[in-house]
Amino acid sequence: MAKKAQQEQQDQGRKAIFRIPATAILAIVVLVVCVTPVAFGGIPGLQALYLVPLGLLWFVQRMRTVATPGGLAVRTMFGHRDLPWTALKGLSITSKARVRAVLDDGSEVALPAVRTRHLPVLSLVSGGLLKDPTGLTDDETGPSESDTTAPGEEAAATAGKDEAETISTESAAEGAPHKE
């Protein structure tokens, strides 16, 4: 009983923050150093060049996606949007491994700093409302012996009464089972 209550408290406290790494600020500091000789080179008005690093700093500090058990909070440079898990139809992945949230009405919302490698984390935070396409969070104990075979072979696993799923073991050897 106490273990169940502790697990519920732990699930309620789960939160994942996806943002641009803080090391990007180092590049902004280098940009400020490089702009300084030009800004004070004798031509009046070039001090406005300092607006570029300030804008980049604003970008790095603002852009983020926060995933909680209640949904997603998306912060952009000039706005904020809350997306509850129930309002999501699914996720869309772009060609550059960026993730977009697809809403029930068919519109898409870009999720800043979220990439395909973050999908298992989103699945865990959502409490199963968002399925993990990689299959990494399906079983906490790890892959069973029936899920692995010798390289190059395929194993059939029954998912229901008459349904069968083919699992590619080449990707399972890399650590992420791929279901076709």
### Distance in nm between pseudo-label sites at ASP132 and ARG117 (7 Å out along the Cβ direction from Cα)
1.6
### Task
Compute the distribution of all C-alpha to C-alpha distances in the range 21-83, in bins of 10 Å from 0, and list the percent of pairs in each, rounded to whole numbers.
20, 35, 25, 14, 6, 1
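Read the figures in this text as sums done on the coordinates, not as results from a lab. What you see is a predicted model, and the numbers here were worked out from it, not measured in a lab. Methodologically, a virtual Cβ is constructed for each residue, glycine included, from the backbone with ideal geometry; neighbour enumeration extends over all protein chains shown.
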